[in-house]
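**Q** Just passing along the structure, written as structure tokens.
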Amino acid sequence: MMKNSIKLSVNTGFAVNRIINNEKFAQFVKNNLKIEYIQPTSDWLNLFMSNKYTYKNVINLNKILNRYNIKVNSCFTGAFTRLNHLAHPDKDQQKYWINYFKNFIDLSIDLGANYVGSHLGILSYDDNKNKKRKNILVKRVIRNWHILGEYAYKKKLKSLIWEPMSISREFGETINECKKIQILLNKKKPSNFKLCLDVGHGDINSKNKKDYDPYYWLNSFVKESPVVHIKQVHKGSFGHLPFTKKNNSKGIVDAKKIIKIIQKKKNEDTELAFELSFKERDPIDKNVKNDVISSVKYWKKFLY
């Protein structure tokens, strides 16, 4: 049994265009990874397709996950949705994305998710100028997320989760910025916002080294982060690396240290979601499944 109610899950981002059959993906999770949770991404669920298609796909996926006893605690946006979305200056685009996220919330709830999340949005170079940024954050980004916060509350979602990123255009890049935004998001009730921390994020240009220290981030926010994205990180590298022996020998993310912080600081359940990314180059592409399996095995050593 896992310590301290820590759930291991795999984010489906790596599987987009690699494992598109729901049954085969469930078999890989159950038989090879031997974990009980997945974190579906909006890309993997094909949310850009028609509603008729996506709902049919979710019904099919639900049946398969139930058959294999695989659960969904959270859903998240993926690489294809790393866009301006709710921060876009065009109001029609904002409306589109508000409807997109409402649909995403509905489908995620159908899959049993307690949390649904994304980055907050991305500012263009022009919008990120100092005089504009603060005003846009409050009047555009926060306002749009409050609309979704109210919708999520009515749908009885446990909370929306947002991911602090690594540059100012993407928001939450430093400890202080993250705290400020979290206060702004939760200012309007009944909205409820928590975090999805990422062990590889933080502003490397910050004068404060704590702003890109994964352990300081965890110590600061783990109580507010029901979901944490995990991947191996090398100094000066920004890849979503798997936890292989080679990567672990050079990496800064230590599973034992992460788990220790969670156990010390938090009593509630925490989902540790593998958010791994692989180049479409061989031998990397050929080794994807084995590298995901190795990553899970590495973390399991410290969780049982």
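**Q** Here are the criteria: (1) in a loop (DSSP other than H, G, I, E, B); (2) within 29 Å of Trp97 (Cβ to Cβ). Tell me which single one Ser9 does not satisfy.
**A** If we test Ser9 against (1) in a loop (DSSP other than H, G, I, E, B); (2) within 29 Å of Trp97 (Cβ to Cβ), just (1) comes out false.
**Q** Also, quick follow-up: What's the total number of residues in the stretch 82-92 that are over 13 Å from Ile136 (Cα atoms) and either open to solvent by less than 80 Å² (accessible area, probe 1.4 Å) or within 21 Å of the chain's Cα centre (by Cα) (or both)?
**A** Number satisfying all stated conditions: 3.
**Q** I've got another one for you. For the stretch 24-43, give me each residue that is of a type outside the set (A, V, I, L, M) and open to solvent by less than 20 Å² (accessible area, probe 1.4 Å). Talk me through it step by step, then tell me what you get.
**A** Here is the first cut: in the stretch 24-43, the residues of a type outside the set (A, V, I, L, M) are 24-25, 27-28, 30-32, 34, 36-37, 39-43.
Within the stretch 24-43, Phe25, Phe28, Gln39, Pro40, Thr41, Ser42, Asp43 qualify.
**Q** To continue, here is another question. Looking only at the stretch 129-163, which residues are charged (D, E, K, R), open to solvent by 50 Å² or more (accessible area, probe 1.4 Å) and outside any loop (DSSP other than H, G, I, E, B)? Outline the logic, then answer.
**A** Of the stretch 129-163, the ones charged (D, E, K, R) are 129, 131-134, 139-140, 143, 150, 154-156, 158, 163.
Of the ones still in play, those that are also open to solvent by 50 Å² or more (accessible area, probe 1.4 Å) are 129, 131-132, 134, 139, 143, 150, 154-156, 158.
Passing the criteria: Lys131, Lys132, Lys134, Lys139, Arg143, Glu150, Lys154.
**Q** For the stretch 93-128, enumerate the residues that are touching a Cys at 6+ places or on another chain (Cβ under 6 Å) and either open to solvent by 60 Å² or more (accessible area, probe 1.4 Å) or under 17 Å from Glu150 (Cβ atoms) (or both).
**A** Filtering the stretch 93-128 down to residues touching a Cys at 6+ places or on another chain (Cβ under 6 Å) leaves 108, 113, 116-117.
Of everything in the stretch 93-128, those that are touching a Cys at 6+ places or on another chain (Cβ under 6 Å) and either open to solvent by 60 Å² or more (accessible area, probe 1.4 Å) or under 17 Å from Glu150 (Cβ atoms) (or both) turn out to be Ser108, Val116, Gly117.
**Q** Oh, and also: Scan the stretch 161-168 and tell me whether some residue there is charged (D, E, K, R), at pLDDT below 90 and within 20 Å of Arg133 (Cβ to Cβ).
**A** Going residue by residue through the stretch 161-168, those that are charged (D, E, K, R) are 163.
Right, trim to at pLDDT below 90 and you get none.
No, the conditions are met nowhere in the stretch 161-168.
**Q** Among residues belonging to the stretch 213-243 that are among the β-branched types (Val, Ile, Thr) and modelled with pLDDT of 95 or more, point out the one that is surrounded by the fewest Cβ atoms within 10 Å (Cβ to Cβ).
**A** Residues of the stretch 213-243 that are among the β-branched types (Val, Ile, Thr), as a first pass: 222, 227-228, 230, 233.
Those left that are additionally modelled with pLDDT of 95 or more: 227-228, 230.
On the way: Val227: 27, Val228: 24, Ile230: 26.
Applying the filter and picking the extreme gives Val228.
**Q** Next question, about the same structure. As an exercise: evaluate Ile64 against (1) crowded, with 16+ Cβ neighbours inside 10 Å; (2) closer than 20 Å to Ser295 by Cβ; (3) out of contact with any Leu (no Cβ under 8 Å at 6 or more places or on another chain); (4) not charged (D, E, K, R) and give the number of the one condition it does not meet.
**A** Of (1) crowded, with 16+ Cβ neighbours inside 10 Å; (2) closer than 20 Å to Ser295 by Cβ; (3) out of contact with any Leu (no Cβ under 8 Å at 6 or more places or on another chain); (4) not charged (D, E, K, R), only one is false for Ile64: (2).
**Q** Find all pairs meeting these conditions: Cβ atoms under 7 angstrom apart; at least six residues apart or on different chains; first residue within the stretch 64-88 and under 17 Å from Cys196 (Cβ atoms); second residue among the basic types (Lys, Arg).
**A** Once the first residue is under 17 Å from Cys196 (Cβ atoms) and sits in the stretch 64-88, its partners that are among the basic types (Lys, Arg) give Asn73/Lys7.
**Q** Mind telling me which of the residues Asp211, Asp282, Asp291, Asp269 ends up being of a type outside the set (Lys, Arg) and without any contact (Cβ under 8 Å) to a residue 12 or more places away in the chain? Walk me through it before giving the result.
**A** On the way: Asp211 fails: without any contact (Cβ under 8 Å) to a residue 12 or more places away in the chain; Asp291 fails: without any contact (Cβ under 8 Å) to a residue 12 or more places away in the chain; Asp269 fails: without any contact (Cβ under 8 Å) to a residue 12 or more places away in the chain.
Of the residues listed, the single one that is of a type outside the set (Lys, Arg) and without any contact (Cβ under 8 Å) to a residue 12 or more places away in the chain is Asp282.
The values are calculated or read from the model by the stated rules, or taken from the named source; none is laboratory data. As the structure is a computational prediction, the values presented were derived from the model and not from experiment. Virtual Cβ from ideal backbone geometry, glycine too; neighbours counted across all protein chains shown. Ligands, DNA and RNA are stripped out before the accessible areas are found, and what is left, the full protein with its side chains, is counted by its heavy atoms. Shrake-Rupley method; radii C 1.70, N 1.55, O 1.52, S 1.80 Å.
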